[in-house]
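The values are calculated or read from the model by the stated rules, or taken from the named source; none is laboratory data. Because the structure is a prediction, the values reported are computed rather than measured. For neighbour counting, all protein chains shown are included, and Cβ atoms are generated from backbone atoms with ideal geometry for every residue, glycine included. Each accessible area value is taken on the protein alone, full model and side chains, heavy atoms only, with ligands, DNA and RNA left out. Shrake-Rupley method; radii C 1.70, N 1.55, O 1.52, S 1.80 Å.
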Amino acid sequence: MGTVVEQEIYGINAERCAESAVQEINRLQNLWSTFLPLSEISAIGRYAGLRPVDVSLETALALSMAKGYHRATRGAFDITSARLSALWRDAASGGRHPSRSEIDEALSFAGSGNIAVLPGNRVFLRKKGQRVDLGGIGKGYAADICREFYIQNGIRSAMINLGGNVQVLGRKPDGLPWKVGICDPKGPRDNIIGYIEAEDCSVVTSGSYERYYEIKGKRYSHIIDPVTGGPVSTDVESATVISPSSACADALATACVVSGTGRSVELIDGIPGAEGVIIDSNGYMHVTKGLKGLVKLLK
Ligand code: AMP
Ligand code: MG
């Protein structure tokens with residue numbers, strides 16, 4: 001994740017809570033890093049096709065959720081796109097495009113159907129060479145854990161922002177809902193064009209504008225289309241999903257970028273409790289039914 005953590009917590013245990021939340025986020029980051037050879041996610045990949053790996057409860061749960069969102073998004077959310085992400089990242093850092101055969105090879109290791117989450121928190125990737133990457137859901141999962149942690153410590157009003165992955169607990173201390181900004185995906189960084197009034201929910205935005213590779217002067221999304229094996233190039237400029245669960249909002253936001261505007265609205269409508277705002281490449285804002293009137297535009 002390697003994320004900047006911003007927290008606003010009100011209550012007597014606020015300071016201690018903030019420190020513990022950061023520790024918890026770091027712990028999950030260490031379990032799930034694709035760069036640390038000793039992370040659980042790396043171990044799962046290393047033993048792919050060989051044997052199940054004992055993992056912590058959080059890793060087993062996060063992988064189960066990821067499998068669920070793979071089905072719910074009809075394959076758009078696919079954590080087994082890990083090898084494709086690595087391929088594009090490495091090729092981009094060498095200033096070149098991956099070749100078709102490299103893409104096809106990496107694609108042959110994709111498929112969330114091959115992830116087996118077994119009783120006793122054991123995980124087995126059935127295909128040798130397969131890899132997984134929780135980058136599209138991990139921050140959301142971590143934000144949910146932080147919220148639970150706040151509640152257990154008697155906190156009733158808090159906000160945590162993990163690099164664009166916002167979770168709010170209760171209302172602000174002044175009794176008003178929290179305001180979560182929506183950025184202009186085409187404007188200067190962090191240029192807010194509107195906001196959502198939020199209470200006890202998570203607001204997560206994905207978009208190719210926030211992280212991308214550049215190859216020969218052209219920008220490529222960090223989100224992979226699991227069908228083509230290439231970076232997505234849909235008409236979704238940014239997808240903001242609101243849901244009581246941050247892991248849900250995180251996975252759906254990533255899936256929306258893959259799915260395109262039309263299918264995104266349908267996708268969000270199909271998930272109970274989820275709402276969303278999609279900004280398309282023409283700058284139009286598409287808002288799901290339950291959110292109509294609740295997105296406040298500046299200007
Ligand atoms: P997010 O910023 O939440 O949209 O997640 C993007 C990250 O998720 C990428 O940097 C990859 O680590 C991973 N990823 C890329 N493509 C996908 C995909 N189609 N499904 C799930 N995770 C993905
Ligand atoms: Mg995501």
About the Cα centre, charge dipole magnitude for region 112-155 (Lys/Arg +1, Asp/Glu -1 at Cβ), debye: 360
For region 1-136, alpha-carbon Rg and Dmax in angstrom: 16.9, 58
Cα-based convex hull, region 161-222, per residue volume (Å³, whole number): 80
Positive-end residue of Gly260, Leu298, Ala106, charge dipole of the chain with Cβ unit charges: Ala106
Rg/Rh (Cα only; Kirkwood hydrodynamic radius) as it applies to region 11-63: 1.15
Cα Rg over Rh - region 185-299, Kirkwood: 0.96
Accessible area (Å², 1.4 Å probe, nearest 10) - Asp269: 70
Surface accessible to a 1.4 Å probe, Arg51 within the full protein complex, Å²: 110
Region 23-157, dipole about Cα centre (Lys/Arg Cβ +1, Asp/Glu Cβ -1), debye to the nearest 20: 260
Helical segments meeting 15 Å axial Cα length and Kyte-Doolittle -1.0 threshold in the chain (DSSP H): 14-32, 57-72, 82-93, 138-152, 246-259
Distance in nm between pseudo-label sites at Leu297 and Leu61 (7 Å out along the Cβ direction from Cα): 4.0
Amide H within-cut-off set for Ile182, under 5 Å, with H built and near neighbours excluded: Ile193, Gly194, Tyr195, Ile196
Interchain or long-range residues, amide H under 5 Å from Asp235's placed H: Thr261
In Å, descending, principal axis extents of the Cα set of the chain: 56, 46, 34
In region 251-294, the trypsin sites (Lys or Arg not before Pro) that fall in loop regions by DSSP, at most 13 other Cβ within 10 Å: Lys292
Set Lys218/Lys299; Lys179/Lys296; Lys67/Lys289; Lys139/Lys292; Lys186/Lys218; Lys67/Lys128 screened for pairs whose C-alpha atoms are more than 20 Å apart: Lys218/Lys299; Lys67/Lys289; Lys139/Lys292
Dipole magnitude of the chain about its Cα centre (Cβ charges: Lys, Arg +1; Asp, Glu -1), debye to nearest 20: 680
Quotient of C-alpha Rg and 2.2 N^0.38 Å, computed over region 129-246: 1.22
